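Quick notes on the structure that follows.
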Amino acid sequence: MTQWRTTAALRRALALTGFGLAYAVVLQAPVVVVLVSPFLVLAALGLLHRPASEPRVRVDLRHRVLPEGGGTVSDLVIDDAADIEQVTRSAAMTPFVARRPSQGSVAGLAGDPASLRLELSPRRWGRVDLGNEEVALTTPWGGHRWGPVRVTGRILAVLPTTAPFDSRAEAPQPVGLVGSYRSRRPGAGTELAGIRPFVPGDRLRRVNWRVSLRARELHVVHALAETDTGVLVVVDALADLGRSEGVDGRASSLDRTVRAAAALAEHHVRRGDRVALRVVGGSGRYVGYGTGTRHLWVLLHALADIRPGVPRDLPEHGLQLGASMGTEVLILSTLLQPAMVNTAALLTARGLPVLVIDTLPPGGLVDADWDDGIGNQRQQAIAATAWRMRRLERDLLLERLSRTGCPVVPWRGPGTLDDVLRRLARRAQLPRVMAR
């Protein structure tokens, strides 16, 4: 337990006062008493304000969950602060966290909490550990000091930003009960399919009186049902390629993947679709199908928990995702692992509408990403050659995937999926030849 200790200033004042008084008495020099009297006053005031309580210090964050680029305030809360005058606070430096002041250290009076605040702004998604802090307290006249003590830092959940994304394309195979997509089966929707004669069971509000009067027979409006669809978002978290510079800088491959997945999840949840999430690599988390704002919140938190890593039992021949017929599968991957390419090929062979979104940074990895900090040109040249060979292997995997009929599109934000989804919807309406 940290206790109050006398400061070096108080000890010096007591020593000078004692030495001066002894010198004045022994040598009968009253002028020395006048010289040491300021130190005597300071020592007396320091001893007079000796603390009698044991303070308790903690850090309080205004927000526990923030989006990328958001801001919050970290307050220092001190209990039993009656004997405290000066407070000094120093926070550890954490990557991808901007601070004000930038050095992370503040000092002020205990009665002015505003002078002890730190403004924080996380610049990258994930679970951010703000690190420990050092706090020191001082009594009036600098007589006693408490600390510095280490205060445990808080964990801040930073959700990925949902990049501007919108799509007006229809779902390839909507098989839900109710939603915003036009179905191929008749129902009680608003999409006009035609006008037909009245049959028992038709609702009277569907009667088209203009056509009925002209034909002298009741006719009703025939509509198509409006259904929703199931969307499975598969995130490739096997590796993080490139250099991440936060929300305002260059994005790594995992940055592009996570932010694109957040944008797609938000888009489909807003349209009323049932959305599920499967993370390949790292924790391998799975979030089941659901709708609504609360489910979107769960999806964003699951994306914030992603850490890159390759599981030991990763099958290269493909993953079993358990997607049912009619589910729209969106695979976000750098397509550098055979397992992800084979998974897309297997799902396409089953007849599912599969769309692979390439999240490799534009231009791949530049030479600066391979810099070891020493500037060794030979090592950079070897790394660049290895990367070119890896790109050739990737091109072969993409060629194999294209032969199966699975489309691959690079992530470009709004309008990325429209053309491909329209083609998938037209393909779903074509007659199929099945071998028996």
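Selection of region 235-261 for residues being farther than 11 Å from Ile306 by Cβ and assigned to a helix (DSSP H, G or I) yields Ser253, Arg256, Arg259, Ala260.
Which residue, of Ile84, Ile78, is over 37 Å from the mean Cα position of the chain (by Cα), closer than 28 Å to Thr152 by Cα and crowded, with 16+ Cβ neighbours inside 10 Å?
Details: Ile78 fails: over 37 Å from the mean Cα position of the chain (by Cα).
Checking each option against the conditions leaves just Ile84.
Of all residues in region 310-323, those that are within 15 Å of Thr348 (Cβ to Cβ) have Cβ atoms under 7 Å from Cβ atoms of residues that are among the charged types (D, E, K, R) and surrounded by 12 or more Cβ atoms within 10 Å (Cβ to Cβ), 6 or more apart or on another chain, in Leu321/Arg278.
Please verify whether region 289-305 includes one or more residues that are farther than 18 Å from Pro160 by Cα and not in a loop (DSSP other than H, G, I, E, B). Yes: one or more hits.
I'd like to know if region 240-249 contains one or more residues that are surrounded by 24 or more Cβ atoms within 10 Å (Cβ to Cβ) and either modelled with pLDDT of 90 or more or among the small types (Gly, Ala, Ser) (or both). If you could, list the steps in order and put the result at the bottom.
So the first thing to find is which residues in region 240-249 are surrounded by 24 or more Cβ atoms within 10 Å (Cβ to Cβ), and the list is none.
No, every residue in region 240-249 fails to be surrounded by 24 or more Cβ atoms within 10 Å (Cβ to Cβ) and either modelled with pLDDT of 90 or more or among the small types (Gly, Ala, Ser) (or both).
Per this entry, Gly111 is counted among residues that are out of contact with any strand residue (DSSP E or B) (no Cβ under 9 Å at 6 or more places or on another chain) and not aliphatic (A, V, I, L, M). Which of the residues that make up region 49-64 are under 39 Å from the mean Cα position of the chain (by Cα) and assigned to a loop (DSSP other than H, G, I, E, B)? Hits for region 49-64 are Pro55, Arg62, His63, Arg64. Using the structure shown, decide if Ala43 is at negative phi, part of a helix (DSSP H, G or I), outside the structural domain of Val149 (by TED's automatic domain parsing) and out of contact with any helix residue (DSSP H, G or I) (no Cβ under 6 Å at 6 or more places or on another chain). So Ala43 does not fit the description; no.
Would you confirm, using the coordinates I've provided, whether Gly363 is outside any helix (DSSP H, G or I), modelled with pLDDT of 85 or more and out of contact with any helix residue (DSSP H, G or I) (no Cβ under 9 Å at 6 or more places or on another chain)?
Details: outside any helix (DSSP H, G or I): yes; modelled with pLDDT of 85 or more: no; out of contact with any helix residue (DSSP H, G or I) (no Cβ under 9 Å at 6 or more places or on another chain): yes.
No; evaluated as a whole, the condition is false for this residue.
If the condition is being under 25 Å from the mean Cα position of the chain (by Cα) and surrounded by fewer than 17 Cβ atoms within 10 Å (Cβ to Cβ), then region 87-111 contributes Ala92, Met93, Pro95, Ala98, Arg100, Pro101, Ser102, Gln103.
Quick check on my filter: what residues within region 1-24 are within 57 Å of the chain's Cα centre (by Cα) and either farther than 30 Å from Gly147 by Cβ or hydrophobic (A, V, I, L, M, F, W, C) (or both)? Please lay out each step first, then the result.
Here is the first cut: in region 1-24, the residues within 57 Å of the chain's Cα centre (by Cα) are 1-14.
Of everything in region 1-24, those that are within 57 Å of the chain's Cα centre (by Cα) and either farther than 30 Å from Gly147 by Cβ or hydrophobic (A, V, I, L, M, F, W, C) (or both) turn out to be Met1, Trp4, Ala8, Ala9, Leu10, Ala13, Leu14.
Evaluate region 288-303: report whether one residue or more is of a type outside the set (D, E, K, R), surrounded by 21 or more Cβ atoms within 10 Å (Cβ to Cβ) and at pLDDT below 90. No, every residue in region 288-303 fails to be of a type outside the set (D, E, K, R), surrounded by 21 or more Cβ atoms within 10 Å (Cβ to Cβ) and at pLDDT below 90.
Can you tell which of Leu42, Leu27 is more than 21 Å from Pro148 (Cβ to Cβ) and touching a residue at least 60 places away in the same chain (Cβ under 8 Å)?
Working: Leu27 fails: touching a residue at least 60 places away in the same chain (Cβ under 8 Å).
On inspection, the qualifying residue turns out to be Leu42.
Within region 325-349, the set of residues being modelled with pLDDT of 85 or more and part of a loop (DSSP other than H, G, I, E, B) comprises Thr334, Leu335, Leu336, Gln337. Just one of the listed residues (Gly147, Gly126) is under 16 Å from the mean Cα position of the chain (by Cα), outside the structural domain of Arg259 (by TED's automatic domain parsing) and surrounded by 17 or more Cβ atoms within 10 Å (Cβ to Cβ), and it is Gly126. Being at pLDDT 90 or above, surrounded by fewer than 20 Cβ atoms within 10 Å (Cβ to Cβ) and either in contact with a helix residue (DSSP H, G or I) (Cβ under 7 Å, 6 or more places away or on another chain) or not hydroxyl-bearing (Ser, Thr, Tyr) (or both) is the filter here; which residues of region 112-121 pass it? Once the filter is applied, which keeps residues that are at pLDDT 90 or above, surrounded by fewer than 20 Cβ atoms within 10 Å (Cβ to Cβ) and either in contact with a helix residue (DSSP H, G or I) (Cβ under 7 Å, 6 or more places away or on another chain) or not hydroxyl-bearing (Ser, Thr, Tyr) (or both), region 112-121 yields Arg117, Glu119.
Restricting attention to region 262-287, the residues that are under 21 Å from Pro338 (Cα atoms) and either in a helix (DSSP H, G or I) or modelled with pLDDT under 85 (or both) add up to 3.
Of all the residues that make up region 46-104, how many are in contact with a Pro (Cβ under 8 Å, 6 or more places away or on another chain), more than 22 Å from Ala114 (Cβ to Cβ) and of a type in the set (A, V, I, L, M, F, W, C)? Qualifying residue count for the region: 1.
Against the condition modelled with pLDDT of 90 or more and touching a strand residue (DSSP E or B) at 6+ places or on another chain (Cβ under 8 Å), how does Ala92 come out, does it pass? Spell out the reasoning first.
Working: modelled with pLDDT of 90 or more: no; touching a strand residue (DSSP E or B) at 6+ places or on another chain (Cβ under 8 Å): yes.
So Ala92 fails the test.
Cβ-Cβ contacts under 7 Å between residues 6 or more apart (or on different chains), taken from a first residue in region 258-276 that is among the β-branched types (Val, Ile, Thr) to a second residue that is assigned to a loop (DSSP other than H, G, I, E, B) and at pLDDT 90 or above, are listed as Val258/Trp125; Val258/Pro160; Val258/Ile306.
Among the residues of region 266-287 satisfying the criterion of being of a type in the set (A, V, I, L, M) and touching a His at 6+ places or on another chain (Cβ under 9 Å), which is surrounded by the fewest Cβ atoms within 10 Å (Cβ to Cβ)? Walk me through how you get there before you give the answer.
Step one: list which residues in region 266-287 are of a type in the set (A, V, I, L, M), which gives 269, 275-277, 279-280, 287.
Applying the additional criterion that residues be touching a His at 6+ places or on another chain (Cβ under 9 Å) yields 269, 275, 287.
Working: Val269: 21, Val275: 27, Val287: 18.
Per the stated criteria, the residue is Val287.
With respect to Ser74, is the statement that it is assigned to a loop (DSSP other than H, G, I, E, B) and in contact (Cβ under 8 Å) with a residue 12 or more places away in the chain true? The answer is no for Ser74.
The values are calculated or read from the model by the stated rules, or taken from the named source; none is laboratory data. What you see is a predicted model; the values in this text were computed from it and never measured. As a convention, Cβ positions derive from the backbone with ideal geometry for all residues, glycine included, and neighbour counts pool all protein chains shown.
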